[in-house]
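Shown next, in structure tokens, is the structure this report addresses.
No value in this document is a laboratory result; all are computed from the given coordinates. Since we're looking at a predicted model, the values are computed, not measured. All Cβ positions, glycine included, derive from the backbone under ideal geometry; neighbour counts span all protein chains shown.
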Amino acid sequence: MSLTLLSWNLKGSKGVDVGAVVDHIEAMAAEVVVFQEVQRRQARAIARSLGAKSLRWGFKHWPIITWPEGMAVIGVTRPAPAHTHAITHRWVPWSWRRRILQVATVRLDPEGGPGTAITLVNVHLSSGDATAIRAVEAGAVARRIAERGRPAVVAGDLNDRPGAHVHTRLHDAGLRDVWSTLRGDDSGPTNWRGWVAATPRPPSQRLDYVLVTRGLDAVAVSVPRHGDPAFAPFASISDHLPITATVAATGTRP
């Protein structure tokens, strides 16, 4: 019983190449997708093109000069019903500092057998030097997982590099980084600092992660690699790269 999940910060305020995003999701055979920085109409267009089983878009903030920005959980080949929760600057809906998280339920067993449901949390933590705020937000993630009392996956943009305090907070809550587990290092950059569309520069930092709790094993993880023949379009789509991971219920790996 496994799940292939894709997480991507799309920087939707700059526009989204729906066709390119859909092509990559299909190429990675992602069963569930989580987006950060995506507008509702963009998420709908992607879900429609995928023929998705479910879509839940969550409002994050409205910058007034453009469409409201949010996050989305798309159940591509299996439903992923989700709820949205504001966790930072809840009552300031026009501020980019406002943060939300989405909590979804996904069944690893398509037949819906007992004990196969997992919790999926889509996150986009506060940016910049807001170290203390990120720690509080990580605590909110940990509480949502504990409340459900079942294996969980956390995916999204943590806005901090490996080894930062937020990772200690999440590790203390029982979460393990899939990339470090499988690759044994902290490489795999997913973000450009000072991004300009179509930049020839390689990404310089890892901000995007998939984390799992006890009860789930990391099976595979990948990020598009700078220098590969098919890499160039990713530098135009967003300032973040997608990360794709496959996880399986402990003891069920082939």
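Laid out as a table, the results:
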item	result
Sum of -39500 (n - 2.57) over DSSP H runs of 4+, divided by residues of the chain (222 nm, nearest 500)	-6500 deg cm²/dmol
Extension gain, Ala146 back to Thr77 (0.36 nm per residue minus Cα-Cα distance, nm)	22.2 nm
Unit charges on C-beta of K, R, D, E only; dipole of the range 5-98, Debye	420
Residue-count net charge about Phe59 - beta-carbon cut-off 10 Å; Lys, Arg +1, Asp, Glu -1	+2
Linear extension gain, Ser187 paired with Ser95, 0.36 nm per residue minus alpha-carbon span	29.9 nm
GNM result for the chain, Cα springs below 10 Å: residue of Thr244, Thr181, Thr84 fluctuating most strongly	Thr181
Charged-residue dipole, Cβ positions (Lys, Arg, Asp, Glu), the chain about Cα centre, Debye nearest 20	660
In order through the range 36-42: 3J(HN,Hα) via Karplus (6.51 cos²θ - 1.76 cosθ + 1.60), integer Hz, x for Gly, Pro	10, 6, 9, 7, 4, 5, 5
Cα→Cβ-extended label distance, 7 Å offset, between Ser222 and Val136, nm	4.0
Contact order normalised by residue count of the range 1-104, Cα under 8 Å, 6+ apart, percent	24
Contact order relative to length of the chain, as percent, for alpha carbon pairs under 8 angstrom and 6 or more apart	20
Given charges at Cβ of Lys, Arg, Asp, Glu: the range 2-249 dipole, positive-most of Ala218, Phe59, Thr190	Phe59
Environment charge of Ser238, counting only residues whose C-beta is closer than 14 Å and scoring Lys/Arg +1, Asp/Glu -1	-3
